[in-house]
Amino acid sequence: MPSLLDAIEAKYGQDGSDCEAPIGIYVPRYGPRKSIPRLLVLNDCGVDSAGDEESLEKNCSGVIEIDLAHNRLTQWSEISKILQYSPSVSFLNLSFNHLSSPLMSSCVENSFRFPLLPRLSILILIGTNISWDAIWFILRHANTLQEFHLSLNNFSSVDISKLKKSFQGRKAEISASIMTSGEEDSNSGSPPISATADRFLSAQVGLPHRHRVDSTDSGHGSSGSGSSSDEDDSCLFPYLRRLMFDGNPITCWGEVSKLGSCFPSLRHLGLADCQIDSIPESAYQNFENLQSLTISNTSIKEMTDIARLKKFNTLTDLRLQGIPLFDNMTAHERRQLLVALLPNVRKLNGGAPISNTEREDAERAFIRKYIQEEGEKPERYYELVAIHGELQPLLDVKFKPATRIKLRVCYADNIFERHINVYQTTNELKTSLEQEVGFPAVKMRLFYIDAEMREVVGREEMRFPQKQLYSYNMQDGDEIHVERKQSPVQIQSSNNRNSTMSSSI
């Protein structure tokens, strides 16, 4: 399997092909191995080790971003070596490498020191199956880390017990290792095993060793290793601002609350695709600085759970979609409900900021929705009534024109009423009247009479067979007069009769 150096050589190294007359546009000042870019992107390159330490130090000292996602790194000792010789790294992506082995035990067993990461600000460990003790161990070395990705790691709980006992929990193991290797000899005047273990463990986590006073140092017995407040402070990581915890099968908000207690300065928390089914009344505790929250595609079913997000005083940006509560709502109804429930939220699902007009409309719609419902009303209803008062339901005013009207149809002495569709054509109307008038549509003449304007405009012949009826502005009560077309013989006879009458006069 290739090492990191092999992957760098393959992607960024010099092409080994010979050419008699090479065409060079740009000649770097240094050779290819000395001009490695500061951003290394080596996804899916099969990397499983770091490579030669001397070459790493020579080539990676200036690298600031390393992307090693989808590789085959499994040993913390190799990752430690990469980080040791990349002291300037600020971005590290180790996603989808299998990193389930215990980190602190690896340090002891393989006798290596995990380096401090004073410039690391973004760490991505998606889908690595990393353990909680390894997470706490890394965080103690990266005291400038601001963004941490722990999505898809199959976490069903947040284990902070190992964090609180990170020193004591490993002391016996380290002491046993020291005894086995013969590094401590009671006859050589060396310090006690426990003191040596303390120093070793303190060196591993990059924290100052607290001197332990016991009966061997004084005649007063043990005084303890520190106050309870010191132990509590060791569990906090106040520098972290963004935590992505999406896609983990966590169900209880109590576990989420542990994250807030460990990261008191958290600004953004991602919990999308988790299995959280409720939000308790005290959910806001431990999240005093949270500004952005993502809880899309969770299992929340009750509106009261959503309403409790109002207690997150600093929360202004919320992403919430794909939950069972919204199954039978339109997109407009979902947004309107969230705007009405959460007065502190100013931005929803990455959309435009919520305007004052939109918020007022949503709150009024919320009041009208519940004002006529029987039974217990949500608490938010009474809060909004205190602001806007008790509103009456809106009138249902329809501005859409009628599509069916009732007309009077007159043919000779036969008068009847007929409901017609105003979107049908004149020709279709004639066809529908054939049975009543007793002759085909081709022999039919239609005249439209506006009931209100009868005396002014008279009747209008409907000459155009494809003209739709709504274009005549027909209304209920108007009339359609039907006449039979005259044959050419009848027309000629009528003309002759009129001519004879004119000559006699």
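For the condition out of contact with any Lys or Arg (no Cβ under 9 Å at 6 or more places or on another chain) and modelled with pLDDT under 90, what is the one hit in THR403, THR357, THR330?
Numbers: THR357 fails: modelled with pLDDT under 90; THR330 fails: modelled with pLDDT under 90.
Residue meeting the stated conditions: THR403.
Tell me, which residue of the range 27-70 that is polar (S, T, N, Q) and modelled with pLDDT of 90 or more is nearest to LYS11 (Cα to Cα)? Before you say what the answer is, go through the steps one by one.
Going residue by residue through the range 27-70, those that are polar (S, T, N, Q) are 35, 43, 49, 55, 59, 61.
Pick out the ones that are also modelled with pLDDT of 90 or more and you get 43, 49.
On the way: ASN43: 11, SER49: 16 Å.
The selected residue is ASN43.
Condition (residue is of a type outside the set (A, V, I, L, M, F, W, C) and modelled with pLDDT of 90 or more) applied to the range 157-177: is it met by at least one residue? Can you show your working first?
Kept after step one, since they are of a type outside the set (A, V, I, L, M, F, W, C), are these residues of the range 157-177: 157, 159, 161-162, 164-166, 168-171, 173, 175, 177.
The next check asks that each one be modelled with pLDDT of 90 or more; those that pass are 157, 159.
Yes: one or more hits.
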Among the listed residues PHE245, PHE326, which satisfies the condition of being surrounded by 17 or more Cβ atoms within 10 Å (Cβ to Cβ) and either touching a residue at least 40 places away in the same chain (Cβ under 8 Å) or closer than 26 Å to LEU139 by Cα (or both)? PHE245
Hey, among ARG113, ARG119, which residue is touching a Cys at 6+ places or on another chain (Cβ under 8 Å) and not hydrophobic (A, V, I, L, M, F, W, C)? ARG113
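Please go through the range 92-133 and pick out each residue that is over 23 Å from SER151 (Cα atoms), hydroxyl-bearing (Ser, Thr, Tyr) and not in a helix (DSSP H, G or I).
Of all residues in the range 92-133, those over 23 Å from SER151 (Cα atoms) come to 105-116, 118.
Applying the additional criterion that residues be hydroxyl-bearing (Ser, Thr, Tyr) yields 105-106, 111.
Within the range 92-133, SER111 is the sole residue that qualifies.
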Can you tell me which residue is nearest to the chain's Cα centre (by Cα) among those in the range 388-433 that are over 18 Å from ARG445 (Cβ atoms) and of a type in the set (Gly, Ala, Ser)? GLY389
Take the range 464-482 and flag every residue that is out of contact with any Ser or Thr (no Cβ under 8 Å at 6 or more places or on another chain) and either assigned to a loop (DSSP other than H, G, I, E, B) or hydroxyl-bearing (Ser, Thr, Tyr) (or both). TYR470, SER471, TYR472, ASN473, MET474, GLN475, ASP476, GLY477, ASP478
Name the pairs: first residue in the range 115-135 and assigned by TED's automatic domain parsing to the domain that holds ASN97 and within 16 Å of LEU240 (Cβ to Cβ), second residue of a type in the set (Asp, Glu) and modelled with pLDDT of 95 or more, Cβ to Cβ under 7 Å, at least 6 apart or on different chains? SER121/GLU147; ILE122/GLU147
Restrict the check to the range 276-290 and report whether at least one residue is in a loop (DSSP other than H, G, I, E, B), within 20 Å of MET244 (Cβ to Cβ) and touching a His at 6+ places or on another chain (Cβ under 8 Å). yes
Among what's in the range 407-452 and is among the charged types (D, E, K, R) and part of a strand (DSSP E or B), pick the residue that is nearest to LYS485 (Cα to Cα). ARG445
Quick one: would you say LYS369 is surrounded by 15 or more Cβ atoms within 10 Å (Cβ to Cβ), modelled with pLDDT under 90 and closer than 17 Å to LEU337 by Cα? yes
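Can you tell me which residues in the range 256-301 are of a type in the set (A, V, I, L, M) and more than 19 Å from VAL345 (Cα to Cα)? Walk me through it before giving the result.
Quick first cut of the range 256-301, residues of a type in the set (A, V, I, L, M) only: 256, 259, 266, 269, 271-272, 276, 279, 283, 290, 293, 295, 300.
If the condition is that a residue be of a type in the set (A, V, I, L, M) and more than 19 Å from VAL345 (Cα to Cα), then VAL256, LEU259, ILE276 are the ones that fit.
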What is the number of the single condition among (1) modelled with pLDDT under 95; (2) assigned to a loop (DSSP other than H, G, I, E, B) that ASP232 does not meet? (2)
Output the qualifying pairs, or none if there are none: Cβ atoms under 9 angstrom, residues six or more apart or on different chains, first residue in the range 283-306 and within 28 Å of PHE237 (Cα to Cα), second residue among the β-branched types (Val, Ile, Thr) and surrounded by fewer than 16 Cβ atoms within 10 Å (Cβ to Cβ). PHE287/THR314; GLU288/THR314; ASN289/THR314; LEU290/THR314; GLN291/THR314
Among the residues of the range 120-154, count how many are modelled with pLDDT under 95 and within 15 Å of GLN84 (Cα to Cα). 3
Report whether or not GLU452 is acidic (Asp, Glu) and either modelled with pLDDT under 90 or surrounded by 11 or more Cβ atoms within 10 Å (Cβ to Cβ) (or both). yes
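Between THR403, THR431, which is surrounded by fewer than 11 Cβ atoms within 10 Å (Cβ to Cβ) and without any contact (Cβ under 8 Å) to a residue 24 or more places away in the chain? Let's see the steps before the verdict.
Numbers: THR431 fails: surrounded by fewer than 11 Cβ atoms within 10 Å (Cβ to Cβ).
That would be THR403, the only listed residue that is surrounded by fewer than 11 Cβ atoms within 10 Å (Cβ to Cβ) and without any contact (Cβ under 8 Å) to a residue 24 or more places away in the chain.
Suppose the filter is assigned to a loop (DSSP other than H, G, I, E, B) and within 29 Å of the chain's Cα centre (by Cα); does ASP44 pass it? Write out each step before concluding.
On the way: assigned to a loop (DSSP other than H, G, I, E, B): yes; within 29 Å of the chain's Cα centre (by Cα): yes.
Yes.
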Only one of (1) touching an Asp or Glu at 6+ places or on another chain (Cβ under 6 Å); (2) surrounded by 19 or more Cβ atoms within 10 Å (Cβ to Cβ) fails for TRP132. Which number is that? (2)
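The values are calculated or read from the model by the stated rules, or taken from the named source; none is laboratory data. Everything numeric in this text was worked out from a predicted model, so none of it was measured. With ideal geometry, Cβ positions are generated from the backbone for all residues, glycine too; neighbour counts draw on all protein chains shown.
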